[in-house]
1. Would you kindly state the longest site-free stretch of the chain, with sites defined as chymotrypsin sites (Phe, Trp or Tyr not before Pro) in a DSSP loop (not H, G, I, E, B) surrounded by at most 15 other Cβ atoms within 10 Å?
2. Which shape class, rounded, prolate or oblate, goes with segment 36-144 when its Cα gyration tensor gives a ≥ b ≥ c as root eigenvalues, a/c under 1.5 marks rounded, and past that a/b bigger than b/c marks prolate?
3. Residue-wise, which Karplus ³J(HN,Hα) couplings in Hz belong to segment 284-292, taking 6.51 cos²θ - 1.76 cosθ + 1.60, θ = phi - 60°, and x for glycine or proline?
4. Run the dipole for segment 200-247 about the Cα centre, Lys and Arg Cβ at +1, Asp and Glu Cβ at -1, nothing else charged, and hand back the magnitude in debye, nearest 20.
5. What are the extents of the Cα atoms of segment 127-213 along their three principal axes, in Å, largest first?
6. Have a look at LEU159, ALA315, PHE293 and report the one farthest towards the positive end of the charge dipole of the chain, computed about the Cα centre with Cβ charges (Lys/Arg +1, Asp/Glu -1).
7. So which trypsin sites (Lys or Arg not before Pro) in segment 139-231 are both in a DSSP loop and have at most 11 other Cβ atoms within 10 Å of their Cβ?
8. If exposed GluC sites (Glu not before Pro) are those in a DSSP loop with at most 16 other Cβ within 10 Å, what is the longest stretch of the chain that has none?
Amino acid sequence: MKPTITSRQLVALMTTSRIALAISIMPTINIPPHNQDTWIVVLLSIVYTHILLAPLLFLANRFKDQSMIGYLEVLYGKTIGRIIGCLYGLYFLTNAFNASTLQSELVSTSILFDTPEYLIVIGMMITCIYSVSRGVEASLRSVEVLAPVALGIIVILLLFGINNFKYYLLLPILSDSSLIDVNLGALELSSFYSEMFYLTMLIPYLDDKDDINKIYIKSIVYPLGLLAIIVIICQISLGVDHMEHSNFPFLLYVRSIDLFELVERIDSIAVVAWIMTSLIRVSAFLLISVLAFREILEKDERDKIILPILGLILAIMTFWSISSRSVIIYRGDYNLIRVILFVGLTIVVPILTCIVYFFRRKSLEDTLSQ
């Protein structure tokens, strides 16, 4: 019997994965307009994210019984479909690599200063590979348990900083930002949202495929809404300039908490939440990469080769990256590659695929009805 997952589990996965990025490097501080209006950019990005991902949502609704790899082969033919599918599989692995380097850097530079980097990478990879090896159903069940804990810790930490809030730092609203900067910032922030691929790859496992649209909306609104709150609270606690010069703004905010002199230096609690969300993000992208290559190579879940190979590649890439560069987090060269990949694989290819679908929809009616 094929394993099944619930809509709640998938929303929890997509929300937690996105928040992992928000509480680490907080990419909003590196995009226009670089001032007190950043939270407005986050809220506006909800609209842009819905628009940019609409082609993927359309295809997901038309092929409810197939993953992205499956309908690519149906629409383009097996050869071309598998080539495009390989690109997506590598793209998912690239996202896992980005998440793993961020985690390794934060742990090595902010927590375990004297621990060799290779031990950090090995520990992380063993955890993620084991999680993925348990299968889709077990992985999503663990997310359903861990996500409320991690998100609950984050919300509590946001409330603990109330003594440091300086609300005047949010003013003046929109007076220092141009309309162009706000919209460009929202558009750029939307390019960080790759969690939509969890939905496109895990649709065959959903127990209720009529919830696709609900999952889509919730998985965008929930994390970006929480991100706006995180940005606001960090901003009114630290100030925009302080945030921009920090590698990990949320961790810096947590270390500034002093609640009536009762709660001090509680950054270890934040680290627990961050590690849980980050491990979920790395494991999730590694999982869908494994699923993509299994489908391309026509392997079932009993396959024991693809996961170790991809896990080894990910571990080697992560260790090489953190060993060769002093700072991984936000760099113009990687950001350019990330934007190109996002535009190509999240916007261009899905739009072209929608066009191919409309041209071939009559001949595909029998396939879709099966």
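1. 1-112
2. oblate
3. 5, 5, 5, 4, 6, 5, 4, 4, 5
4. Result for segment 200-247 is approximately 40 debye, rounded to the nearest 20.
5. 50, 35, 27
6. Value computed over the given set: PHE293.
7. Sparse-neighbourhood loop trypsin sites (Lys or Arg not before Pro): LYS166.
8. Value returned for the longest uninterrupted segment is 1-260.
Readers should treat all values here as calculations from the given coordinates under stated rules, not as data from a laboratory. Note that the structure is predicted; figures quoted are calculated from it, not measured. Note that we place each Cβ from the backbone using ideal geometry, even for glycine, and neighbour counts take in every protein chain shown.
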